Amino acid sequence: MNLKTHLLVLGSLVLSLGLSGGLTAAASKSYLTTVKDHSFMITQRKIILKKTPYRPSITLPKGTIVQAGGISTMHTTNILVNTLSYHLRKAYIGNGNTYTQNIPLTTTNFKKISVPAYTKYYPSQTAYPINSGRAYIGNGELYQGVKFPEQADQTKAKANLVTVTSDGYLEYTTKAPITNLRVNTRPSVSAKITKVSRPGGSGKTYLYTKAAVPSSIGKRVSKTGNAQYLTIIKRRYRAYTTLYTSGLKPQLSSIYVSAGYLVGDQQYFMVTSEYFPSAN
């Protein structure tokens, strides 16, 4: 999970004055003007981001659903690599960069779409005002446990990770670093989601796959067809806080807010925001 890196990426985009290489501006001057940070889009053509001295090459096939990492003043966006499925992001593993180079926000490249049903287990479009002293982190990454680790355990804490990518894959990784500042490693399972159901008022999201998922997060419900395995994610509407301090005389520096979930019958959490008391 990318915390401060995630925030720095968004900030750098706002200040960006041009493209960061790899993809030249398309000939079309028709830009998507309603796209905001975290908006979902679908690629209208194959987009090839060429290798640069700092980033590997990555290809987004036509019809790939992506999530905007942030919007620059030059009508470009980049993509947080961890929002993509393993087969798209794998070249970035071990690279050190957690986002792609900027891509022109033209109608030739993208079409804005509604939030996909499979990501609606969390509020993906939340944002807080600049200088509010609070940053939204929620990225759909669910870690097994109750809440974000205590300060003493931050660098070594690991937990099983469940995430749903923008392009529609359910991924499960064992013993993933909770404070990961790099691209997520190869998951134990990466299964294409074939069917989604969200019973009204239940807080549950039913995710079906044809490929098998671990029994710890799902179960087999059919022996034939494309919806053979079911994973249920339930939002519990409970919040938990973790306090971090700084200085020789400990002062409260930040508060991490975690939202409680159930995946199957196991307790998971997602960090939704970080609050900075000194900014207020």
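Since every read-out is calculated from the coordinates, none of them should be taken as a lab result. Source: prediction; values computed, not measured. Backbone-built Cβ (ideal geometry, glycine too); neighbour counts: all protein chains shown.
So the values come out like this:
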{"item": "Förster radius 51 Å - calculated FRET efficiency between Ser246 and Thr224, Cβ distance, rounded to 0.05", "result": "0.35"}
{"item": "Stretch gain in nm, segment Lys195-Lys156, where the contour uses 0.36 nm per residue and the Cα spacing is subtracted", "result": "10.4 nm"}
{"item": "Sorted by Cβ density within 10 Å, fewest first, the residues Glu141, Glu150", "result": "Glu150, Glu141"}
{"item": "Label-point separation, Arg238 to Lys204 (7 Å along Cα→Cβ), nm", "result": "1.8 nm"}
{"item": "Estimated Rh, the stretch 119-279: Kirkwood, alpha-carbon pairs, angstrom", "result": "16.8 Å"}
{"item": "Residue among Thr163, Val213, Pro277 farthest towards the positive dipole end of the stretch 163-280, charges placed on Cβ", "result": "Val213"}
{"item": "For Thr43, Thr119, Thr83, Thr245, order by how many other beta-carbon atoms lie within 10 Å, fewest first", "result": "Thr245, Thr43, Thr119, Thr83"}
{"item": "Contact order relative to length of the stretch 151-258, as percent, for alpha carbon pairs under 8 angstrom and 6 or more apart", "result": "16 percent"}
{"item": "For the chain: Kirkwood Rh in Å [reciprocal of mean 1/r, alpha carbons]", "result": "19.6 Å"}
{"item": "Value of relative contact order over the chain, rounded to a whole percent, pairs C-alpha under 8 Å and six or more apart", "result": "17 percent"}
{"item": "In the stretch 113-222, the trypsin sites (Lys or Arg not before Pro) that fall in loop regions by DSSP, at most 13 other Cβ within 10 Å", "result": "Lys156"}
{"item": "Kirkwood-type radius of the stretch 234-280, with distances r between different C-alpha atoms, in Å", "result": "11.9 Å"}
{"item": "Cα-based convex hull, the stretch 199-280, per residue volume (Å³, whole number)", "result": "133 Å³"}
{"item": "Furthest towards positive pole of dipole, Tyr261, Tyr229, Tyr86, structure part the chain, Cβ charges", "result": "Tyr229"}
